[in-house]
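A.B. asks: Could you have a look at this structure, given as structure tokens, before my questions?
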Amino acid sequence: MHQFFKRTFEEMILAEHVPFIVEDECIACGTCAEICPEVFILKESLGFAQVINPTGAPEEEIQEAIDACPVQCIHWADEM
């Protein structure tokens, strides 16, 4: 088996420059999904937003959504 396949999912995500939402901190305001619906979706039934396509928009647009988050719960996974 290749070394790549021995890595955990979390290790693979952290190795990439992709957005990550700390769901426990999210207040479900929907700002990220309004700004960047290709990447984020508001799951009102769950009470938080989720990343649905981490590479679905240009980095600048994702950064705009990160910066607009009122509780700062969205981060770049490789910067956590």
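A.B. asks: Spelling out what I want: for every residue of segment 45-55, take phi, set θ = phi - 60°, compute 6.51 cos²θ - 1.76 cosθ + 1.60 (Karplus), and round to whole Hz; glycine and proline get x.
C.D. replies: After applying 6.51 cos²θ - 1.76 cosθ + 1.60, I find 5, 8, x, 7, 8, 9, 7, 9, 8, x, 10 Hz.
A.B. asks: Okay, next question. If you take every residue apart from Glu79 with its C-beta less than 14 Å away from the C-beta of Glu79, what net charge results, scoring Lys and Arg +1 and Asp and Glu -1?
C.D. replies: Once all neighbours under 14 Å are counted, the net charge is -4.
A.B. asks: Lys43's amide H: which non-local residues (gap 5+, or another chain) put their own amide H closer than 5 Å, with H modeled 1.01 Å from N in plane and none for Pro or chain starts?
C.D. replies: Phe48, Ala49, Gln50
A.B. asks: Taking only the alpha-carbon positions of segment 19-79 and ignoring solvent, what does the Debye formula give for the base-10 log of I(q)/I(0) at q = 0.18, 0.29 Å⁻¹?
C.D. replies: -0.49, -1.38
Each reported figure results from applying straightforward, stated rules to the coordinates on display, with no laboratory input. Because the structure is a prediction, the values reported are computed rather than measured. Quick reminder, even Gly has a Cβ in these numbers, built from the backbone with ideal geometry, and neighbours come from all protein chains shown.
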